Amino acid sequence: MQQILKKSKRVLLFLLITVLLNGRVCCVKANAASISSNKSSTTANTKNSELKGAWISYLEFLSAGVSNMSKKEFYNYIDKMFTQCKSMGMNTVIVQIRPSSDAMYPSKYFPWSSYVSGVQGRSLNYDPTAYMVSAAHKRGLQFYAWINPYRVSATSTDIKKLSVNNPARKWRLSKKSADRRNVLTFNKQLYYNPSKQEVRTLIVNGVKEVVKKYNVNGVIFDDYFYPNLGSKYKSNFDYSEFKQYKLQCKQNHVQSKSIENWRRGNVSALLRRVKTAVKAIDKKVVFGVSPQGSISNLKLANANYCDVAKWMNSDSYLDFICPQIYWSTTNPVAPYKEVLNQWIDLRKSKKVKLYVALSVYKAGLTNKEAQALSPADLRWYKVDTNLKEQVLYARQRKQVTGFMFYRYDNMISSKARSEMKNLQSIL
């Protein structure tokens, strides 16, 4: 009898241990599944919350011959373009509606753009921007209005080639010398003078007009600020206004800034006014800039004058910044990861979102084309996973919340097909 009891106890003990072990295994499996699920959920949330935008420049309109299109043809062109953007995993389109002191919409400040009408100042019988905003939202895409604030003309200094109602032409032909100083000639190009209050007011009014008229989600300035002024930067471009500023400081017994910091202050003053104006109209509309990717170039004494450290660590200037980091991970001068980390380190607060602009136009380069880059960047020729790797690395750093891909025509080109396929697999 005792032997039977002992045997029964051993059986019960075995069954108990088995049940406990199975329960523990199930628990471990459940926990593992939960962890895996959480990781997948986090990745999915990251993807869903990211801004993923396609740059659409005036070059797209130029190559497509938009200026020769009828209203119906333009609508069809935009429908196809935005549908394609959506299918590529984009959730935002960044459209250059103000390339050079002009407008792709009826404006009381700037003339019609030749890129949509054929001749600057010639009006259309429809509003391209109104349709583009509507078409974007219909497809669940955000619409960012891309504006070039200072550039008047990149191809000529002949003021009479501008429309008669172009504010730059009016100022340059004015009898008042102060008005003529609002537009400057440099390196065979025309620029609005960043130091002039009248210029800032014009630019701000232009932005306000867009935000009031259209249901845009954002406004963005690109990388054209002060041009590279060369070795004579201390005595050219807006030096005349700097001399006046120094004289005023002397009269008021105030220490003047260096010409470099004065110019940086001019750009910052514009951005502050633009953001304030945008938020006064609609707090949901965001404002940002997309400067060139090299921080050392932005700090040059003779060019750009972009105080990005100030902008990124204050809520007074920007909602987001999107540096154009257009180099591969093995670029000999500016390797992608190193440059991105510099931007991340520069951002001391979370007041301004950090996006990254990536170069689809380099995808699929031939060996000769990659060799011709300055400096040569052969990884664009050797592999077709550059963009994918760059997005994944940025996600890994957990500081970047969006990407803007330059530009649409390149995204749909046969040269970039393999790169884009790899990129889309993670978007």
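The values are calculated or read from the model by the stated rules, or taken from the named source; none is laboratory data. Please read these numbers as outputs of a predicted model, since none were measured by experiment. Virtual Cβ from ideal backbone geometry, glycine too; neighbours counted across all protein chains shown.
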Next item on the list: Scan (1) in contact with a helix residue (DSSP H, G or I) (Cβ under 9 Å, 6 or more places away or on another chain); (2) at pLDDT below 95 for the single condition ASN48 breaks and write down its number.
Entry: (1)
Next item on the list: Residues being surrounded by fewer than 22 Cβ atoms within 10 Å (Cβ to Cβ) and part of a loop (DSSP other than H, G, I, E, B): count how many of those fall in the stretch 52-101.
Entry: 7
Item checked: Spans of helices (runs of 4 or more DSSP H) in the stretch 262-377 with at least 2 residues under 27 Å from ASN193 (Cβ atoms) -> 295-298, 308-312
Note to self: I need the full set of residues from the stretch 201-227 which are closer than 16 Å to VAL267 by Cβ, of a type outside the set (Ser, Thr, Tyr) and surrounded by fewer than 22 Cβ atoms within 10 Å (Cβ to Cβ), in order please.
What the structure shows: LEU202, VAL204, ASP223, PRO227
Margin query: Restricting to the stretch 209-254, and then to whatever is touching a Cys at 6+ places or on another chain (Cβ under 9 Å) and among the hydrophobic types (A, V, I, L, M, F, W, C), can you tell me which residue is modelled with the highest pLDDT?
Written below: ILE220
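Quick check on my filter: what residues within the stretch 102-138 are small (Gly, Ala, Ser) and surrounded by fewer than 18 Cβ atoms within 10 Å (Cβ to Cβ)?
Once the filter is applied, which keeps residues that are small (Gly, Ala, Ser) and surrounded by fewer than 18 Cβ atoms within 10 Å (Cβ to Cβ), the stretch 102-138 yields GLY118, GLY121, SER123, ALA130, SER134.
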Note to self: Six or more apart or on different chains, Cβ atoms under 6 Å: show the pairs whose first residue is in the stretch 170-196 and part of a helix (DSSP H, G or I) and whose second is surrounded by fewer than 21 Cβ atoms within 10 Å (Cβ to Cβ).
What the structure shows: TRP171/ASP179; ARG172/ILE159; ARG172/ARG180; ARG180/SER174
Next item on the list: Among the residues of the stretch 201-229, write down those that are within 19 Å of SER290 (Cα to Cα) and either part of a loop (DSSP other than H, G, I, E, B) or among the basic types (Lys, Arg) (or both).
Entry: VAL216, ASN217, ASP222, ASP223, TYR224, PHE225, PRO227, ASN228
Check: Is there any pair linking a residue in the stretch 405-420 that is in a helix (DSSP H, G or I) and at pLDDT 95 or above to one that is surrounded by fewer than 19 Cβ atoms within 10 Å (Cβ to Cβ) and of a type in the set (Gly, Ala, Ser), with Cβ under 7 Å and at least six apart or on different chains, and which?
Finding: ASP409/SER63
